[in-house]
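The values are calculated or read from the model by the stated rules, or taken from the named source; none is laboratory data. Worth saying up front: this structure is predicted, and the values here are computed from it rather than measured. Here the Cβ positions follow ideal geometry from the backbone for every residue, glycine too, while neighbour counts run over all protein chains shown.
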Amino acid sequence: MLKEKFHIEFLMGNATQNSLWRMISQIDGLSEWFADEVLMDETETRYTFNWGKSSNEAQIVCNKPQTVIRYHWLDEEDENVYFEFFLRKLDLSGEMTLEITDFAEPDEKGDAIALWETQVDLLKRRLGV
């Protein structure tokens, strides 16, 4: 079954762009909210994400520092499937937003969105937002 792309956006309040960037692109930041442990290979483009006894590897396929980072799961056959974090500062309020793009099978899309909401709530708590 083909996966569907979806976008979700979160207001990140007074979080700074630098602190958000660290949380979505660095192994120490990602291990605070996204996975239990994150390891990086010597090329610094392949990450291993560990959750309890399971793990998954992802490759960075796009990186524009302080703005966007895109990961592709190595076990995903479709090269066009990825997950992406995009940071944007709102003009009027000056608040930062975190936009997430991901893919899920149609019957799992609701669960995937709920999981991202839970993870981003943890991210906000870690940032004190």
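Would you be able to say whether some residue in the stretch 23-40 is polar (S, T, N, Q), assigned to a loop (DSSP other than H, G, I, E, B) and under 17 Å from Val120 (Cα atoms)?
yes
Could you tell me which residue of the stretch 17-37 is surrounded by the fewest Cβ atoms within 10 Å (Cβ to Cβ), considering only residues that are touching a helix residue (DSSP H, G or I) at 6+ places or on another chain (Cβ under 9 Å) and closer than 17 Å to Glu95 by Cβ? Even if it seems obvious, please write down each step before you answer.
At the first step, the residues of the stretch 17-37 found to be touching a helix residue (DSSP H, G or I) at 6+ places or on another chain (Cβ under 9 Å) are 19-24, 28-30, 32-34, 37.
Applying the additional criterion that residues be closer than 17 Å to Glu95 by Cβ yields 19-21, 23-24.
Working: Ser19: 16, Leu20: 21, Trp21: 19, Met23: 22, Ile24: 20.
Across the stretch 17-37, the extreme among qualifying residues is Ser19.
Looking only at the stretch 67-117, which residues are farther than 21 Å from Glu57 by Cα, among the hydroxyl-bearing types (Ser, Thr, Tyr) and modelled with pLDDT of 95 or more?
Thr67, Thr97, listed by residue number.
Just one of (1) surrounded by 11 or more Cβ atoms within 10 Å (Cβ to Cβ); (2) among the acidic types (Asp, Glu); (3) over 16 Å from Gln17 (Cα atoms) trips up Glu42, so point out which.
(1)
Consider the stretch 63-110. How many of its residues are in a strand (DSSP E or B), within 28 Å of Gly128 (Cα to Cα) and of a type outside the set (Lys, Arg)? Lay out the reasoning, then the answer.
Quick first cut of the stretch 63-110, residues in a strand (DSSP E or B) only: 63-64, 68-73, 83-89, 96-104.
Subsequent filtering for residues that are within 28 Å of Gly128 (Cα to Cα) retains 63-64, 68-71, 83-89, 96-102.
From the residues that got through so far, the ones that are of a type outside the set (Lys, Arg) too are 63, 68-69, 71, 83-87, 96-102.
Number of matching residues: 16.
Of all residues in the stretch 80-99, which are closer than 18 Å to Lys64 by Cα and of a type in the set (Ser, Thr, Tyr)?
Tyr82, Thr97 - these are the residues of the stretch 80-99 that are closer than 18 Å to Lys64 by Cα and of a type in the set (Ser, Thr, Tyr).
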